[in-house]
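Written below as structure tokens is the structure these notes are about.
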Amino acid sequence: MFQITLENSKGNRLELTGKENQYQVYEVDGLYPPTASISTSENIGDGSIVTNSRVSKRNIVIYLKINGDVENNRLNLYQYAQTGKYIKLYISTESKNVWIEGRVESIETTMFNMTTICQISVLCPEPYFKDLEETINSISTIKGNFYFPFYTVEPIPFSVYEKIQILNLLNLGNIKCGMTIEISAKGKILNPVIYNRETQEFIGFGCTQRPFEMQPSDRIIVTTYTNNKKVKLIRNAVETNIFNNLRPNSTFLQLDSGDNTFTYSADDGDEFIDIKFRHYSNYEGI
């Protein structure tokens, strides 16, 4: 089973598969892992040294036949694949449901042949496919304590709000990925820090020399995606860039493939911290 759907900048979607009376996709190129650009310098002796390695953008090319009312179906396709404009591709296979964003490089059709063929080329600056569903984990949890019967003398809690200080995050993808971290304050918090226990990396706000205090109902939003790294404080519905409040040597934390363990601390008020992690598992190819 293979399905592909286009989504334009307005959020309108067009399914290209399962509609053979209109569109018949017969080939999609560029679903394999992207190529890498590797820079090297020559050794004095044999061989060379790798100085830099980066993954190139992805180029996806969709080949399809336009059937039925060819002219109307071709013009309808132009509503979703517009040259130079944003496009989002949803792709489903037997084992994966993913999406990827890009820009339409070109859309070419053979208008005067017996069979009308269309070729859509999409350039994806961020080359990795992302899971359809976002994974959300919280460093605070509700522990259920639902008991019977109700006629005992002591009150029986339905649930208990239990703070956990260590959280395991699972990245199902095969490569490292960024995430969104949301720190919420239930009370005053002084100099909050989040740690990756495996890598010993951290991201924190404030220090002894320059303290930073979160007020009740404050939220800090951290995004650590490639080409989209930022930190902002939301206080009384007003957003403020707090990049200058980062603790020295902070790192925009990433999720390695597989298990990742995070914990947190604060100089004061750590019992008021509530942290939420959101990420999409990434894949090199499908």
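Run lengths n ≥ 4 of DSSP H only: what is the helix-derived mean residue ellipticity at 222 nm for the chain, with -39500 (n - 2.57) per run over all residues, to the nearest 500?
Working: 1 runs with 9 residues, N = 286.
That calculation yields -1000 deg cm²/dmol at 222 nm.
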The distance between the Cα centres of the stretch 229-254 and the stretch 42-113, in whole Å, is 34
Amide H contacts of residue 212 (H built 1.01 Å from N, under 5 Å, at least 5 apart or other chain):
191, 207
To one decimal place, what orientation-averaged projected area in nm² is obtained for the convex hull of the Cα set of the stretch 1-72?
8.2
In terms of solvent-accessible area of protein heavy atoms at a 1.4 angstrom probe, what is the ranking of 69, 274, highest value first?
69, 274
Accessible area of residue 235, 1.4 Å probe, to the nearest 10 Å²?
80
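Let me check I have the definition right: for the chain, take the eigenvalues of the Cα gyration tensor, multiply each by 5, take square roots. What are those semi-axes in whole Å, largest first? Let's see the in-between values first.
Numbers: eigenvalues 399, 154, 68 Å².
So the equivalent ellipsoid measures 45, 28, 19 Å along its semi-axes.
The values are calculated or read from the model by the stated rules, or taken from the named source; none is laboratory data. This one's a predicted model, so the numbers in the text were calculated from it and none came from an experiment. Note: areas computed on protein heavy atoms with side chains; ligands, DNA, RNA excluded. Shrake-Rupley method; radii C 1.70, N 1.55, O 1.52, S 1.80 Å.
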